[in-house]
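One structure is given below, encoded as structure tokens.
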Amino acid sequence: MRIESPIKRIERLKKASRPSRDRDERVPPGQFVTDRFPVLHHGPVPHIDLETWSFRVFGRVAAPLTLDWPRFRSLPETTLTRDIHCVTRWSKLDTTWSGALWRDFLRELEIEPLEDATHVMFHCVGGYATNVALADLNADDAAMFAWAYEGKPLTPEHGWPLRLVIPTLYFWKSAKWVNGVEFMSGDRPGFWETYGYHMRGDPWREERFGV
């Protein structure tokens, strides 16, 4: 498969961009707005069987657990509209997601992080992982495990059956095909972070690379 370079991808997406009347308020520095929804991920799209799919909660947590798809899907559903921002410099405004909010996930499943838990590592089918501070997750009222986009189930290319959505961070943190969360005492790099991406990834601070 031919791999498109990041520079060519940015130039192609700029051609599909549109001006925004409230750009200064909604679009972080160094970003351009696009109507498209680029498909970006590491590795091939996995083939997932919901009959055998499972989601693990483990690490620095009082009671580890494993959920099957019916149990996960039974969590309260919320639909929210938020802007998203990719580290490759595109932003997409007014995207609508449905799924289980992070706070509802913790409450409904009675997940209690231990006192020394400061970060989580989200694990995904295929081996991808990304790290996020608990403070960022708990402060973001829109952080969710999403199973639908714009009123329809996620497509495989966009993370079906389940992806993380954290609008306040660059979108590489919104991991596709997520199937586990590991609570950690301290931080450690995920996949892209080991290749120099920022450990946090705040788009408003342009935390693209470095620590």
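All of (1) closer than 14 Å to Ser174 by Cβ; (2) without any contact (Cβ under 8 Å) to a residue 12 or more places away in the chain; (3) acidic (Asp, Glu) hold for Asp49 with one exception: (1). Of all residues in segment 106-134 being in contact with a Ser or Thr (Cβ under 8 Å, 6 or more places away or on another chain) and among the aliphatic types (A, V, I, L, M), which is farthest from Pro189 (Cα to Cα)? If we take residues in segment 106-134 being in contact with a Ser or Thr (Cβ under 8 Å, 6 or more places away or on another chain) and among the aliphatic types (A, V, I, L, M), then Leu114 is farthest from Pro189 (Cα to Cα).
Which residues, taken from segment 73-96, are touching a Leu at 6+ places or on another chain (Cβ under 6 Å), buried (at least 17 other Cβ atoms within 10 Å of the Cβ) and under 21 Å from Ala148 (Cβ atoms)?
If we filter segment 73-96 for residues that are touching a Leu at 6+ places or on another chain (Cβ under 6 Å), which is where we start, we get 78, 83, 90.
From the residues that got through so far, the ones that are buried (at least 17 other Cβ atoms within 10 Å of the Cβ) too are 83, 90.
Result: Asp83, single match.
Annotation note: of Asp94, Asp68, the sole residue that is among the charged types (D, E, K, R), free of Cβ contacts under 8 Å to residues at least 40 places away in the same chain, farther than 26 Å from Arg200 by Cβ and in contact with a strand residue (DSSP E or B) (Cβ under 8 Å, 6 or more places away or on another chain) is Asp68. Among residues of segment 185-210 that are at positive phi and among the charged types (D, E, K, R), those with a beta-carbon under 9 Å from a residue that is assigned to a loop (DSSP other than H, G, I, E, B) and surrounded by fewer than 20 Cβ atoms within 10 Å (Cβ to Cβ) at least six positions away or on a different chain give the pairs Glu206/Pro28; Glu206/Pro29; Glu206/Gly30. For segment 174-192, the tally of residues that are over 14 Å from the mean Cα position of the chain (by Cα) and either of a type outside the set (S, T, N, Q) or crowded, with 16+ Cβ neighbours inside 10 Å (or both) stands at 7.
Considering segment 106-134 alone, what residues qualify as being in contact (Cβ under 8 Å) with a residue 60 or more places away in the chain and of a type in the set (Asp, Glu)? Working first, answer last.
Our first condition is that a residue be in contact (Cβ under 8 Å) with a residue 60 or more places away in the chain; within segment 106-134, this holds for 113-114, 116-123, 125-131, 133.
Scanning segment 106-134 gives a single hit, Asp116.
Looking only at residues in segment 117-147 that are polar (S, T, N, Q) and over 11 Å from the mean Cα position of the chain (by Cα), which one is surrounded by the most Cβ atoms within 10 Å (Cβ to Cβ)?
Going residue by residue through segment 117-147, those that are polar (S, T, N, Q) are 118, 130-131, 138.
Subsequent filtering for residues that are over 11 Å from the mean Cα position of the chain (by Cα) retains 118, 138.
Numbers: Thr118: 15, Asn138: 13.
Filtering segment 117-147 for residues that are polar (S, T, N, Q) and over 11 Å from the mean Cα position of the chain (by Cα), the one surrounded by the most Cβ atoms within 10 Å (Cβ to Cβ) comes out as Thr118.
What's the total number of residues in segment 55-65 that are under 15 Å from Val125 (Cα atoms) and either aliphatic (A, V, I, L, M) or exposed (fewer than 13 other Cβ atoms within 10 Å of the Cβ) (or both)? Before you say what the answer is, go through the steps one by one.
Taking segment 55-65 and keeping what is under 15 Å from Val125 (Cα atoms), we get 55-57.
Filter once more, keeping what is either aliphatic (A, V, I, L, M) or exposed (fewer than 13 other Cβ atoms within 10 Å of the Cβ) (or both): 57.
Within segment 55-65, residues that are under 15 Å from Val125 (Cα atoms) and either aliphatic (A, V, I, L, M) or exposed (fewer than 13 other Cβ atoms within 10 Å of the Cβ) (or both) number 1.
Every read-out reported here was derived from the displayed coordinates using simple, explicitly stated rules and does not represent laboratory data. Since we're looking at a predicted model, the values are computed, not measured. Here the Cβ is made from the backbone with ideal geometry for all residues, glycine too, and neighbour counts use every protein chain on show.
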